[in-house]
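Colleague: Got a structure here, written out as structure tokens. Questions coming.
Read-outs: derived from the displayed coordinates by stated rules, not from any lab. Model, not experiment: these values are computed from the prediction. Cβ sites come from the backbone with ideal geometry, for glycine too, and all protein chains shown count toward neighbours.
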Amino acid sequence: MNRHTQIENIGYLKWPNLIRGTLIKRYKRFMADIKFRNGHVVTAHCPNTGSMLECSEPGRTVYLSRHNNPKRRLKYTWEMIEMPTSLVGVNTVVPNKLVKTSILAEKIQEQEIF
């Protein structure tokens, strides 16, 4: 199974069309500069407030979601990063959504979580 297939099949979430890029740098905790294959550079929102020391190494492959809300300051959100052995979620909202959708899909029982 390749990484792209892994991304499409994570849990029971409906993932948006994720866009692959390369991390240039993360700064001010909430921002990251990402370079797309075509050379275009964007600033993405980083929803993880932690230090992310191991997960913010420049040059790593990252995955972004795009948002068309005109009220948003940044059009992209950093969702995941490729590490040597796995994909690591950056968006801290996703775990709660994953648990909720898994319960609703009856793939796990609510009491199994506790």
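Colleague: FRET efficiency for K107 and L18, Cβ-Cβ distance as r, R0 = 22 Å, nearest 0.05?
Modeller: 0.50
Colleague: Right, something else. For Cα pairs less than 8 Å apart in space and 6+ apart in sequence, what is the mean separation divided by the residue count of region 3-113, i.e. the relative contact order in percent?
Modeller: 24
Colleague: What is the set of long-range amide H partners of V90 at a cut-off below 5 Å, with H atoms built 1.01 Å from backbone N?
Modeller: M80, I81
Colleague: Also: Using +1 at the Cβ of each Lys and Arg and -1 at the Cβ of each Asp and Glu in region 3-113, identify which of F36, L98, P16 lies farthest towards the dipole's positive end.
Modeller: F36
Colleague: Quick one: 3J(HN,Hα) in Hz for region 60-72, Karplus 6.51/-1.76/1.60 with θ = phi - 60°, rounded, Gly and Pro as x.
Modeller: 6, 6, 10, 10, 10, 10, 10, 10, 9, 5, x, 7, 6
Colleague: If amide H atoms are built 1.01 Å from N in the plane of the peptide, which residues on other chains or at least 5 residues away come under 5 Å of the amide H of A32?
Modeller: Answer set, sorted by chain and number: Y27, A44, C46.
Colleague: Taking only the alpha-carbon positions of region 3-113 and ignoring solvent, what does the Debye formula give for the base-10 log of I(q)/I(0) at q = 0.09, 0.13 Å⁻¹?
Modeller: The Debye formula, applied to the Cα set alone, gives -0.25, -0.51.
Colleague: Could you list, in their original order, any pairs among K25/K97; K35/K100; K71/K97 whose Cα atoms are separated by more than 29 Å? Intermediate values should be presented prior to the final figure.
Modeller: Details: K25/K97 27 Å; K35/K100 33 Å; K71/K97 23 Å.
Pairs exceeding 29 Å: K35/K100.
Colleague: For M52, what charge total do you get from the other residues with a beta carbon under 13 Å from its beta carbon, if Lys and Arg give +1 and Asp and Glu give -1?
Modeller: Charge balance in the 13 Å sphere: +3.
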